[in-house]
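Here it is: the structure, laid out below.
The values are calculated or read from the model by the stated rules, or taken from the named source; none is laboratory data. Since the structure is predicted, the reported quantities are computational estimates derived from the model, not experimental observations. Cβ: placed from backbone, ideal geometry, glycine included. Neighbour counts: every protein chain shown.
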Amino acid sequence: MTQCANEREWPGEGINWKAPENLETIRIETPRLVIRLYAVEDAAEMFDSVDSCREYLSEWMDWVTHYERVENATEYIVKNMIGVRKLAETREIGVGIYDRETGNHVGGIGFHGLKLETAAAEFGYWIRQDLAGRGYASEASKAWITFMLRPQAEGGMGMARVRAYCSSDNPGSRRVLEKLGMPLEVVQRQDYFVKGFGLTSRIGFGLMKDEWGFDRQLAHENTPATRL
């Protein structure tokens, strides 16, 4: 008997989290960015962003291989537009990151693996290669985590916990999560295969709502760097 209880679904049990209404209107503004749900007319620009740095993204993200044509981006966007209305079924949301001044597409962010019984989900992000190194991933992640953890009565998702995973050999992504103050919780040695790279270790970070400073948009200073 080695299966953990949280590897199963328990409908109506635990926290029994329910999605807020009007997720179709998601719009989060930061000093430099706008994070919003994609519209169908965004498909061409989104596809161009992926296509412009396909090799760069595909080193760590296998979903890139599914974007061969603009139609693939359109399918993704439509799926998300429907999915936000049925979040209890889809368990994921993907939104676009845009430059607040120019309106140009910067990358994407979202969450998946939503667990209703624990009110927890895994978030992830990507930034165009030509815009990397400008702090956009950190800026967008701060705002997105705040949105995920903020109470629904205050316009957030009302979740209890966020988690994120990356390869130990992907220093850029690891650095973003560490800058947010997310504690390292899991190290799975040589348990993550990356095509073109090989075996690598999978590392996981996790944060509870009461560990997040909503005003600073960072983990509280007394949050441990690791739980290991």
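Inside region 90-117, can you point out the residues that are among the acidic types (Asp, Glu) and under 18 Å from residue 146 (Cα atoms)?
The one that is among the acidic types (Asp, Glu) and under 18 Å from residue 146 (Cα atoms): 92.
Here is a further query. When you look at residue 148, is it surrounded by 19 or more Cβ atoms within 10 Å (Cβ to Cβ), touching a strand residue (DSSP E or B) at 6+ places or on another chain (Cβ under 9 Å) and assigned to a loop (DSSP other than H, G, I, E, B), yes or no?
no
Within region 185-226, which residues are touching a residue at least 40 places away in the same chain (Cβ under 8 Å) and among the aromatic types (Phe, Trp, Tyr)?
Listed by number, the residues that qualify are 197, 205, 212, 214.
I would also like to ask the following. Out of all the residues in region 128-135, is one or more polar (S, T, N, Q) and closer than 24 Å to residue 208 by Cα?
No, the conditions are met nowhere in region 128-135.
Still on this model: Among the residues of region 15-32, are any closer than 19 Å to residue 106 by Cα and loosely packed, with under 11 Cβ neighbours inside 10 Å?
Yes, that holds for at least one residue.
Going through region 183-198 one residue at a time, which ones are assigned to a strand (DSSP E or B) and at positive phi?
190, 198
Right, here's the next one. Of all residues in region 47-61, which are in contact with a strand residue (DSSP E or B) (Cβ under 9 Å, 6 or more places away or on another chain) and free of Cβ contacts under 8 Å to residues at least 60 places away in the same chain?
Correct list: 48, 50.
Mind listing just one residue for me: the one in region 90-124 that is assigned to a strand (DSSP E or B) and charged (D, E, K, R) and, of those, farthest from residue 164 (Cα to Cα)?
Only one residue fits best here, namely 99.
Examine region 207-217 for a residue that is assigned to a strand (DSSP E or B), surrounded by 18 or more Cβ atoms within 10 Å (Cβ to Cβ) and at pLDDT 95 or above, and state whether such a residue exists.
There is at least one residue in region 207-217 that is assigned to a strand (DSSP E or B), surrounded by 18 or more Cβ atoms within 10 Å (Cβ to Cβ) and at pLDDT 95 or above.
If residue 133 satisfies all but one of (1) at pLDDT below 95; (2) assigned to a strand (DSSP E or B), what's the number of the condition it fails?
Of the numbered conditions (1) at pLDDT below 95; (2) assigned to a strand (DSSP E or B), the odd one out for residue 133 is (2).
Those residues that are of a type in the set (Lys, Arg) and either touching a Cys at 6+ places or on another chain (Cβ under 6 Å) or assigned to a strand (DSSP E or B) (or both), I need them from region 26-69; list them, please.
Result: 27, 36.
Further, regarding this structure: How many of the residues making up region 194-228 are among the basic types (Lys, Arg) and within 19 Å of the chain's Cα centre (by Cα)?
Matching residues across region 194-228 total 2.
Look at region 168-183 and say how many of its residues are closer than 15 Å to residue 212 by Cα and of a type outside the set (Lys, Arg).
Selection size over region 168-183: 6.
State all residues of region 154-174 that are part of a helix (DSSP H, G or I) and modelled with pLDDT of 95 or more; if no residue qualifies, say none.
154, the sole residue that qualifies.
Which of (1) in contact (Cβ under 8 Å) with a residue 12 or more places away in the chain; (2) outside any helix (DSSP H, G or I) does residue 72 not meet, given it meets every other one?
(2)
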